[in-house]
Amino acid sequence: MTDAQTSTNNNSDEKYAIQLINMNKWYGDFHVLKDINLNVKEGERIVICGPSGSGKSTVIRCINHLEEHQKGQIIVSGEEITGDVKQLERLRTDVGMCFQHFNLFPHLTILDNLTLAPIWVKKMPKKEAEGIAMKYLERVKIPDQANKYPGQLSGGQQQRVAIARSLCMNPKVMLFDEPTSALDPEMISEVLDVMIELANEGGMTMLCVTHEMGFAKKVADRVIFMDAGQIIEENTPEEFFNNPKSERTQLFLSQIIGH
Amino acid sequence: MYVTNKILPELPAPSNAKGIVHWLKTNLFNGPINTIFTFLGLFIIYKIIPPVIEWAFIDATWFADSSSACKLENGDRKPGACWAFITNRFDQIMYGFYPASERWRPNLAGIMLVLLTIPLFFEKTPKKAWLGGFILLVFPFIAYSLIHGGGLFGLPVVDTSKWGGLMLTLIISLVGILFALFFGTILALGRRSSMPIVKSLSVVFIEFWRGVPLITVLFMSSVMLPLFLPEGTDFDKLARAMIGIILFQSAYVAEVVRGGLQAIPKGQYEAASAMGLSYWKSMFLVILPQAMKLVIPGLVNTFIALFKDTTLVLIIGLFDLLAIIENVLGADPAWLGFHTEGLVFAAFVFWIFCFSMSRYSMALERKLDTNHRN
């Protein structure tokens, strides 16, 4: 058990960073999310896994309202998401997101990618924003790429830039939507290292949709397994990997670890 | 089994094309059919180019006070071109009926615009945004006060009916391009809006203006519109024509820009909003810069068309470059019969401007290409 895990377990009345209460979502007639209930404590690190099409990405995309849920409640830092534009803009500065395909802005340099939101959303002076940007670029170990364009960087570097870009807004929550699944195998570890470092610093609430089970074992406080739009199993990593309860989880684990 | 620890050195690529002879062989004389076409082409060039050069340059009359210099003693035309027709009436071709004593005013405005714009083309210029803003928001008032009079400097008014020639062509095109770009972009965003009213208004506007010919728009603006306005309302003819052109062209620009907006991956919209950028900020900071870059060829196409379409203002009685040459100078008894030179000159001026736009857009595309820069 890591230190952070012990501390969250000891303070069970800690505030929730995110609460999903009976969340439901449909794409047309297709019921993608069925009664999702999830409480995420501040500073908690959660890994969501499951087969493709299980709705795991949709869950975290609903949290910052990139997708709209149709039933139930989403509460972020004590505030229920209503879809109000002003509220969303405010909440999104507290919730950073990293995408599978990085989604860096190709027309801006790395530095400009990082300073865009601090300058235009937080109204930070340019010098200050650049200072913060360089600090995070150093943290993800690519300060020397600051004046290049995203197209000149490798996939792994781009994803690290994307993480730094989110961190520049000093978010309370970070959402990761399959951050390593579009990467070449030899670049996965450089991104995971950055994420592990971030997780080990503590304080940051992290929700990570990923198939990297090694990452889950190392840093997750809880692992959530989803299938067919439902949360099937939820447990500590040790229990989840060594002693999966549901048949569906056992099958999934045997498939991804089996080869 | 094979193992190596030796990394091979990098070598220059072999050059396949060596020298002009090789180029000729592979491009012009590779095979009998191409050889025949090459000779045929050379023959056609030989038949066309020398006579044109002879007409336009060698036998041409460049300067003269009257048309007699371009005629033989028996009254027939000399074989060469009579550029004296152009040089003699050059001022009118440039300014139309703008009074000679006041021509320094459009000149000054033009020079100011050029001097203000040049720094924008250099990377290092500080505060470019402010300069750009000044040109777009303040300079128009200065230019209007200079060219039209009144306004800021209290100069004597030169009515727009006196404006003409290349000056008028440039004013209409410049104003038309800027406003059409602005309104077109807004319309394109409107057409992609999730708000049903905004969306349908944009669609109706675009489809209406795209569906009518520009000539009709100009006719309506100058003949029909005054009938609907209360009696005595004097609405400047040039302003009416400009509004017509702007409405018409923004519909085209809108569709071009919409093409660009649709080509931007959904992830860019998502990343922008996930960072807390508002709709307008994400559009102007993230989406439009990329979309506009993609549609530069289409936009320039529209602008070149707009530039050439300005010649249509003739039908509502405005005398742009072509109209001055064709209908004013061409009808002047002193210079009858030098129609061809006039048209060739007008074509040449239009070509220079359109070609410059095209070259500039290509340079801009290269400059903005950040995907594969080393």
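Results, tabulated for the structure shown:
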item	result
Ellipsoid equivalent to the protein assembly as shown - semi-axes via the Cα gyration tensor, in Å	64, 33, 22
Signed unit charges on C-beta, dipole axis of the protein assembly as shown, positive-most listed residue B:Gly244, B:His339, B:Ile53	B:Ile53
Overall Cα dimensions of chain B, principal axis frame, Å, largest first	97, 66, 42
Value at 222 nm in deg cm²/dmol, rounded to 500, when DSSP H runs of n ≥ 4 in chain B each add -39,500 (n - 2.57)	-18000 deg cm²/dmol
Straight-distance crosslink candidates among lysines, where the alpha carbon sits under 21 Å from A:Lys245 and sequence neighbours closer than 8 are dropped	A:Lys34, A:Lys56, A:Lys217, A:Lys218
The stretch B:181-335 - Kirkwood radius from inverse mean 1/r over Cα pairs (Å)	17.8
Cβ-derived FRET efficiency at R0 22 Å, B:Trp62 paired with B:Asn107, nearest 0.05	0.40
Residues B:Ile186 and B:Ile44, FRET efficiency given R0 of 60 Å [Cβ-Cβ distance, rounded to 0.05]	0.75
Inter-part distance where the stretch B:277-328 and the stretch A:157-214 are each reduced to a Cα centre, Å	45
Shielding by partners - mean other protein chain Cβ count within 10 Å, residues of A:82-92	2
Chain A, helix-only ellipticity at 222 nm - DSSP H runs n ≥ 4, -39,500 (n - 2.57), divided by all residues, nearest 500	-12000 deg cm²/dmol
Candidates A:Ile63, A:Ile196, A:Ile224: whichever shows maximal mean-square fluctuation once chain A is modelled as a Gaussian network with Cα springs under 10 Å	A:Ile196
Antiparallel bridge percentage (DSSP; both residues within the protein assembly as shown; nearest 5)	55
Those Cys residues of the protein assembly as shown for which no other cysteine Cβ falls under 4.7 Å	A:Cys49, A:Cys62, A:Cys98, A:Cys168, A:Cys208, B:Cys354
FRET efficiency, 1/(1 + (r/R0)^6) with R0 60 Å, evaluated for B:Leu131 and A:Phe241 via beta carbons	0.45
Values of log10 I(q)/I(0), in the order q = 0.11, 0.26 Å⁻¹, for the stretch A:171-235 under a Debye, Cα-only, solvent-free model	-0.27, -1.28
Extended-chain gain in nm, criterion 0.36 nm per residue less alpha-carbon gap, B:Thr117 and B:Ile197	24.9 nm
Reachable lysines, given that their alpha-carbon falls under 20 Å from the alpha-carbon of B:Lys237 and they are not under 8 places away in the same chain	B:Lys162, B:Lys308
Neighbouring partner chain Cβ atoms per residue of A:116-123, average, 10 Å criterion	4
Over 26 Å (Cα to Cα) - which of A:Lys71/B:Lys281; A:Lys127/A:Lys172; A:Lys122/B:Lys367; B:Lys25/B:Lys367; A:Lys126/A:Lys148; A:Lys126/A:Lys172 fall in this group	A:Lys71/B:Lys281; A:Lys122/B:Lys367; B:Lys25/B:Lys367
Compactness of the stretch B:215-254 - radius of gyration and Dmax, Cα, Å	10.9, 35
Gain on full stretching of the segment that runs from B:Lys162 to B:Glu207 - 0.36 nm per residue minus C-alpha separation	12.7 nm
Prolate/oblate/rounded label for the stretch B:1-141 (Cα gyration tensor, a/c 1.5)	oblate
Chain B: most fluctuating residue of B:Leu187, B:Leu42, B:Leu225 per GNM, C-alpha cutoff 10 Å	B:Leu42
Spatial separation of Cα centroids for the stretch A:84-122 and the stretch B:63-132, in angstrom	50
Packing-based ranking, highest mean first, of A:80-89, A:206-215 given that Cβ atoms within 10 Å are counted	A:206-215, A:80-89
Centre separation in Å (Cα based) which lies between the stretch B:230-245 and the stretch B:192-224	18
Dipole magnitude of chain B about its Cα centre (Cβ charges: Lys, Arg +1; Asp, Glu -1), debye to nearest 20	1580
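Only the coordinates and a few stated rules stand behind these numbers; no lab work does. Only a predicted model underlies this, so the values are computations on that prediction, with no experimental measurement involved. Neighbour counts run over all protein chains shown; Cβ positions are idealised from the backbone, glycine included.
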